[in-house]
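Asker: Once you've had a glance at the structure underneath, I'll fire off some questions.
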Amino acid sequence: MNNNILNEINDLKKKRNAVILSHFYQRPEIQGIADFIGDSLELSRKAADTKADVVVFCGVHFMAETASILSPDKIVLLPNIGAGCPMAEMADYEGLKKLKEEHPEACVVSYVNTTADVKTLSDICCTSANAVKVVNTIPKDREIIFVPDKNLGRYVEKMTGRKLILWQGYCNTHNKLTVEEVLLTKERYPNAKVIAHPECREEVLDIADGVFSTSGMIKYVASSAAKEFIICTEDGILHQLQRKYLDKKFILPSNKLICPNMKKTKIEDVLYSLANMKPEVRVSDDVREKAIIPIKRMLEIK
């Protein structure tokens, strides 16, 4: 890492009273300069709780939107404005509005991986870490529309016994992983534990030893006596796993587990963003007032 860039970033952080948040899927050098590293739920909480004036969100667009919704008094910067989320974009406002009209009594559970506009039509948000808990809070006599990830939705159905109305979205990265790739990797590492993100396909989850959010995977590895793990999620998580658990081996079952959007942010983007205070992501007041309701309901669930 260029020490001059690092020093400039640190100087600007102090000058701006800024905090840098990084998702686990970011490049290792981005994770290295972050004040907080986490999954969507953890970073949502950090964005809401921080006393900083400026939040530099090293993630994708919906995450920066969520931070703006939770902290309208803060400046939220997304260092690479082109870092979007194809899954979030699969759920559109008009399509969800129509689905709600067809199921007027349904409760809309929206994955945090959605746009702010979609959140305005939602009753409660969830992340992969708390989706099962969220659905379990909804009365059993109510229909549930689950937006947008069908793979996470099927997993929630299995864990809760509830039948959901599933939007047919998916994560382009996780959905590429096949059960054949996992089984071939398991043949090479027969003693390895298979841990998978719930955005993976159903048949991958069915053969996993455990299904977890990214932060849940790290906790599982910490508590497990196993020495080898087949990691079925985006490759950015390996940086934290390898740094924390030097005596353990981590194997990706596919070279396709790379999110191009999560990897767009470079350290030079962070420097530019802090120096120029842009690109800024700000949600309008009328959208924010509606979108914050399902997000706050999610954050109230411990």
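Asker: With runs of 4+ DSSP H residues as the only contributors, calculate the mean residue ellipticity of the chain at 222 nm using -39,500 (n - 2.57) per run, divided by the residue total and rounded to the nearest 500. Don't skip to the answer; put the middle values down first.
Answerer: Details: 15 runs with 134 residues, N = 302.
So the calculated ellipticity at 222 nm is -12500 deg cm²/dmol.
Asker: Once you've got the Cα coordinates, tell me which of K98/K290; K13/K219; K176/K290; K100/K296 are over 24 Å apart. Could you put the intermediate results ahead of the total?
Answerer: Working: K98/K290 18 Å; K13/K219 30 Å; K176/K290 34 Å; K100/K296 21 Å.
Cα-Cα > 24 Å for K13/K219; K176/K290; rest within.
Asker: Could you state the accessible area per residue of the chain in Å², with a 1.4 Å probe and every protein chain left in place? Before the final figure, lay out each step's value.
Answerer: Values: 13240 Å² over 302 residues.
Here the per-residue accessible area is 44 Å².
Asker: Quick one: 3J(HN,Hα) in Hz for the stretch 288-302, Karplus 6.51/-1.76/1.60 with θ = phi - 60°, rounded, Gly and Pro as x.
Answerer: Once rounded to whole Hz, the list reads 4, 4, 8, 6, 6, 4, x, 5, 5, 4, 5, 5, 6, 8, 8.
Asker: Can you give the Rg/Rh ratio of the stretch 195-299, where Rg is from the C-alpha atoms and Rh is the Kirkwood radius?
Answerer: Values: Rg = 18.1 Å, Rh = 16.8 Å.
Ratio value, two decimals: 1.08.
Asker: Rounded, prolate or oblate: which fits the chain, taking a ≥ b ≥ c as square roots of the Cα gyration tensor eigenvalues, rounded meaning a/c under 1.5, else prolate when a/b beats b/c? Before the final figure, lay out the partial values.
Answerer: Working: a/c = 1.93, a/b = 1.05, b/c = 1.84.
It is oblate, given that a/c is not under 1.5 and a/b is not larger than b/c.
Asker: Run the dipole for the chain about the Cα centre, Lys and Arg Cβ at +1, Asp and Glu Cβ at -1, nothing else charged, and hand back the magnitude in debye, nearest 20. Provide the component values of the computation, followed by the final result.
Answerer: Values: 43 positive and 41 negative charges, 149 e Å.
That gives the chain a dipole magnitude of about 720 debye.
Asker: If you filter the stretch 149-190 for chymotrypsin sites (Phe, Trp or Tyr not before Pro), then keep DSSP loop positions with at most 10 other Cβ within 10 Å, what is left?
Answerer: On the way: sites: Y155, W167, Y170; in loops: W167, Y170.
Passing both the DSSP loop test and the Cβ count: no residue.
Asker: Could you name the lysines whose alpha carbon sits less than 20 Å from that of K158, not counting residues in the same chain fewer than 8 places away?
Answerer: K133, K140, K150
Asker: Calculate how many DSSP beta bridges within the chain are antiparallel, expressed in % of all such bridges and rounded to the nearest 5. Don't skip to the answer; put the middle values down first.
Answerer: Working: 1 of 31 bridges.
That works out to approximately 5 percent antiparallel.
Asker: So how do 156-166, 46-56, 240-250 stack up, highest first, on mean other-Cβ count within 10 Å? Don't skip to the end; give the middle numbers.
Answerer: Details: 156-166: 16.5, 46-56: 18.7, 240-250: 13.4.
Top of the packing list down: 46-56, 156-166, 240-250.
Asker: Exactly which GluC sites (Glu not before Pro) in the stretch 67-118 are in a DSSP loop and have at most 12 other Cβ atoms within 10 Å? Numbers along the way, then the final one.
Answerer: On the way: sites: E89, E94, E101, E102, E105; in loops: E105.
Hits after loop and neighbour filter: E105.
The values are calculated or read from the model by the stated rules, or taken from the named source; none is laboratory data. Only a predicted model underlies this, so the values are computations on that prediction, with no experimental measurement involved. Don't worry about glycine lacking a Cβ; one is built from the backbone with ideal geometry, like all the others, and counts go over all protein chains shown. Quick note on the areas: whole protein, heavy atoms, side chains included, nothing else; ligands and nucleic acids left out. Shrake-Rupley method; radii C 1.70, N 1.55, O 1.52, S 1.80 Å.
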